[in-house]
Amino acid sequence: CTQDRCQRLDLSGNIRNWFLTGSPDSYRNFIGKGLRCLLNFPNTEVHSNAHHSSGRFCFPCSQPLGEKITSLQISSVGQLPRHFSAWNIQIARSFHTSPSFQAAPVPLFWIIVKPAQKLFAIILGRSIRNWWKALPPNKRELFKESARKNKWKILLGVSSLGVLFVVFYFTHLEETPITGRARLLVFGKEHFRELSRMEYDMWMEEFKSKMLPETDARYQVVERVVGHLSESNKDIPQVSVLKWVIHVVDEPGVNAFVLPNGQVFVFTGLLNAVSDIHQLSFILGHEIAHAVLEHAAEKASLVHFLDFLSLIFLTMIWAICPRDSLAVVGQWIQSKLQEFVFDRPYSRTLEAEADKVGLQFAAKACVDVRASSVFWQQMELAEAIQGQPKLPEWLSTHPSHENRAEHLDRLIPEALKIRESCNCPSLSGPDPRLIFKLNMQHLLESSKDQETPNSTERDLSKPKLDFPHT
């Protein structure tokens, strides 16, 4: 879930509400494929999500993950690698834990006509402005007088339109699976299934030469982690109904995402970045939570609803502003207000919800959930050592590393209770968060001892992330 480029899972990138996951090039490919498929949209069966109770059901498969995945060599949770130093770190700037393009206006038709809608609003508003300028002064006064006489009728019409929007909003509210949060859901799930298949074909075409075989040890690790998570949470209908298919891509990017139809994509860069199996389990649990909670459909519904409302304001801007240049500035201000007041805060809310549910998934799989916050502390440390600028959270579609770690720390006590209720073995050894803190102190002390007058001349152009990997 990341920067300036279109990302699949960004922590700090700009949100683009166009399609499920991808980059500008993949967006063009996606639209091209969509145009070919638009007139031949197959009907798909709508599977209704069974409503489940808030009680937790744990299965015998929830045994220690280390026992279930014996082939994976892991380090101590939260322990920094031996060669981890202030001068020897590399990290992908925009690591993500969920696709930033997870929300697509659906059906595909709306993606294609969206620019035309804005163009129509601009032309309409500009035509109204030119018509008003062309009116003689006496006719303008007559028009104003008529508006004053019928002000209550005009107010009634505007109010009726507002009531229609409110009624539409509340009649399309649904309950989010697991969390029970009320959310707007406009589009049918069958459209997202079709878009997921198209998105899947696009990614498979892009990564066809980079897919690891099933015999690769890294593939088997991911397969076992996802299988263990799904088996441990099969009491949740949204988890058991999906077929989770694993794809491990030989790419250095620290990346992972899950399509709404259960297609799991993991980059080898992520396997190199995590310190242990517990961190990997939490990250994949987070991604699975996005698919289970249907965040793609939810974000698309909100975006489309707000875009439709924005067309009204866009028309007013171009009708009221006396010059086109001012109208362009007004349109830009409107789009930025929508982005920073609605779009990005809502994306951060969905990320926080996926963290919470993903942590619950991991707890029921007997994962050491305390490692979840350690991962984000490691990410924050690596970025700080590399000297990357720390952007304010309100500029991002995802919570900051620091706030994410703090949020998980608050959720960990509840997750530990879930873990205990599932008859998981007790966690042995010290808290990995404490280990990380002690290693941080040791790292700072070592850095001070190693400082020399020529330390500023060190080559920092090629830092390296030296986390142990699978």
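Listed values, structure above:
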item: Which of Glu175, Glu231 is most accessible, then next, and so on - probe 1.4 Å; result: Glu175, Glu231
item: Percent accessible area from carbon and sulfur atoms, the stretch 316-424, protein chains only, probe 1.4 Å; result: 62 percent
item: Phi to ³J(HN,Hα) by Karplus 6.51 cos²θ - 1.76 cosθ + 1.60 over the stretch 137-144, Hz, x for Gly, Pro; result: x, 5, 6, 4, 5, 4, 5, 5
item: Surface accessible to a 1.4 Å probe, per residue, for the residues of the stretch 103-216, Å²; result: 63 Å²
item: Residues Ser209 and Lys144, FRET efficiency given R0 of 56 Å [Cβ-Cβ distance, rounded to 0.05]; result: 0.25
item: Karplus-derived HN-Hα couplings along the stretch 394-400 (A = 6.51, B = -1.76, C = 1.60, θ = phi - 60°), whole Hz, x at Gly and Pro; result: 5, 8, 10, 8, 10, x, 5
item: Residues whose placed amide H lies under 5 Å from that of Glu251, excluding near-sequence neighbours; result: Thr268, Gly269
item: Per-residue HN-Hα couplings for the stretch 243-259 [Karplus 6.51, -1.76, 1.60; θ = phi - 60°; Hz; x = Gly/Pro]; result: 9, 8, 10, 9, 9, 10, 9, 7, 10, x, x, 7, 8, 6, 7, 10, 6
item: Listed peptides 217-223, 285-291 by packing density, highest first (mean Cβ within 10 Å); result: 285-291, 217-223
item: Greater than 30 Å apart at Cα, pairs in Lys144/Lys336; Lys356/Lys437; Lys243/Lys364; Lys299/Lys364; result: Lys144/Lys336
item: Heavy-atom accessible area ranking, 1.4 Å probe, most first, across Tyr200, Tyr169; result: Tyr169, Tyr200
item: Debye intensity ratio in log₁₀ form over the Cα atoms of the stretch 351-408, taken at each q of 0.15, 0.21, 0.24 Å⁻¹; result: -0.48, -0.83, -0.99
item: Solvent accessible area, Å² - Val328, 1.4 Å probe, full protein context; result: 80 Å²
item: Mean Cβ count within 10 Å, highest first, over the residues of peptides 347-359, 427-439, 330-342; result: 347-359, 427-439, 330-342
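The values are calculated or read from the model by the stated rules, or taken from the named source; none is laboratory data. Computed from a predicted structure; not experimentally measured. Positions of Cβ are generated from backbone atoms using ideal geometry, with glycine treated the same way; all protein chains shown enter the neighbour counts. When the accessible area is computed, the model is the full protein with side chains, heavy atoms only, and any ligands, DNA or RNA have been set aside. Shrake-Rupley method; radii C 1.70, N 1.55, O 1.52, S 1.80 Å.
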